[in-house]
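The values are calculated or read from the model by the stated rules, or taken from the named source; none is laboratory data. Everything quoted here is computed from the prediction, not taken from an experiment. A quick note on method: Cβ atoms are made from the backbone with ideal geometry, for glycine too, and the neighbour counts reach across all protein chains shown.
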Amino acid sequence: MNEIINQDVYYPKDSDKVDVTLADFINNYPNREYIKILFLRVKEGHYQFGKKKVNISLNNNDQLVVKLQSKTYGIKEFIEKYSKSEFDKVDMKTIVEQFCNMFSMQNMMNRQANIHNKVKN
């Protein structure tokens, strides 16, 4: 018997409530494999969605709200409106390069913080 295992595709930064909520949304989204590559966390509340820079926050009901320029969307509305066009613009190489650049920057910042802490002590 073949069983489909429901595996997570987006792993949040645990200390970031917005990112945890976004991960829960993506991991339960019907086409999660399709949208997972579009979201890249830059820093708390700031994401790259395909080629677009967006701000994501929680409203008073703990629902995800996406702000793009001066417009605000619910997360489902935003994905329905922009995912197809952004998916078509993005290739896997670009996503991997962005991830590697972000990872390198985070490592460099961590090393600098460690050096600063050693000098301070």
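Some values worked out for this structure:
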quantity	calculated
In the stretch 51-64, the residues that are within 12 Å of residue 25 (Cβ to Cβ) and surrounded by 12 or more Cβ atoms within 10 Å (Cβ to Cβ)	56, 58, 63, 64
Matching residues, the stretch 37-74, being among the hydrophobic types (A, V, I, L, M, F, W, C), touching a strand residue (DSSP E or B) at 6+ places or on another chain (Cβ under 9 Å) and either modelled with pLDDT under 95 or not assigned by TED's automatic domain parsing to the domain that holds residue 22 (or both)	38, 39, 40, 42, 49
